[in-house]
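What follows draws every value from the coordinates through simple rules; no lab data is involved. All figures in this text were calculated on a predicted structure; none of them were measured in a lab. Quick reminder, even Gly has a Cβ in these numbers, built from the backbone with ideal geometry, and neighbours come from all protein chains shown.
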Amino acid sequence: MDKYKDIINLPHKISAKRMPMATGDRAAQFASFSALTGYDDAIKETARITRKKPRLSSDGLEELNIRFQILIATLDRKNTVDITYFVPDSHKPGGKVMMIQGIVEKIDTVQRIITLSDGVKIPMNDVVSVEGEILGFFDV
């Protein structure tokens, strides 16, 4: 202890140019680090559940096509419909089934895309069901 007695009682030097670091930030400098960067994200991605695309029976496909024909024939009425459709996952096999409500603006039968008035485009091949008041007027 004797070799430090000349400096042991000196006041702590505080910089005039820099603010002192917050205690939490100082502690973070010495916290443990993750040796496997991205590992937690990879585990979460693997655990995320996706579904297979629903497959309609031939009767279900026929009924859906009739509903599409009704929507095409009544586009000028600006029908509000509920469309249930499959959205493929961009990272792994499968996807999820979603439902959207909107007004059908356009149906492109060549590219097989339904466009809603808010700009949402839904591939007809991914549609699982279409419900709406206008469809109730027809025997579907």
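Extension gain, ILE7 to GLN101: 0.36 nm times the residue separation minus the Cα-Cα distance gives 26.3 nm.
Going by alpha carbons, how many degrees (0 to 90, nearest 10) lie between the helix axis of 58-73 and the longest principal axis of the chain? That works out to roughly 80 degrees. Extension gain, ARG55 to VAL120, is 21.1 nm, computed as 0.36 nm per intervening residue step minus the present C-alpha separation. The orientation-averaged projection of the convex hull spanning the C-alpha atoms of the stretch 1-85 amounts to 16.1 square nanometres.
Anisotropy class assigned to the stretch 14-53 is prolate, per the alpha carbon gyration tensor with a/c at or over the 1.5 cut-off and a/b larger than b/c.
Farthest toward the positive end of the dipole of the stretch 58-136, out of ILE134, HIS91, GLY102, is the Cα of HIS91, where the dipole comes from beta carbon charges about the Cα centre.
If you average 1/r across every pair of different Cα atoms in the stretch 8-140 and take the reciprocal, what Kirkwood value do you get, in Å? Show your work: numbers first, answer last.
Numbers: mean 1/r = 0.0509 Å⁻¹.
Taking every pair of different Cα atoms in the stretch 8-140, averaging 1/r and inverting gives 19.6 Å.
Please compare each pair in LYS96/LYS121; LYS53/LYS78; LYS52/LYS121 to a cut-off of 25 Å on the Cα-Cα distance and tell me which ones are over it. Can you show the working numbers first?
On the way: LYS96/LYS121 16 Å; LYS53/LYS78 29 Å; LYS52/LYS121 21 Å.
In this structure, LYS53/LYS78 lie more than 25 Å apart at Cα.
Counting every alpha-carbon pair across the stretch 53-128, the share separated by more than 18 Å comes to 40%. Its Cα centre serving as origin, the stretch 58-136 has a Cβ charge dipole (Lys and Arg +1, Asp and Glu -1) of approximately 240 debye.
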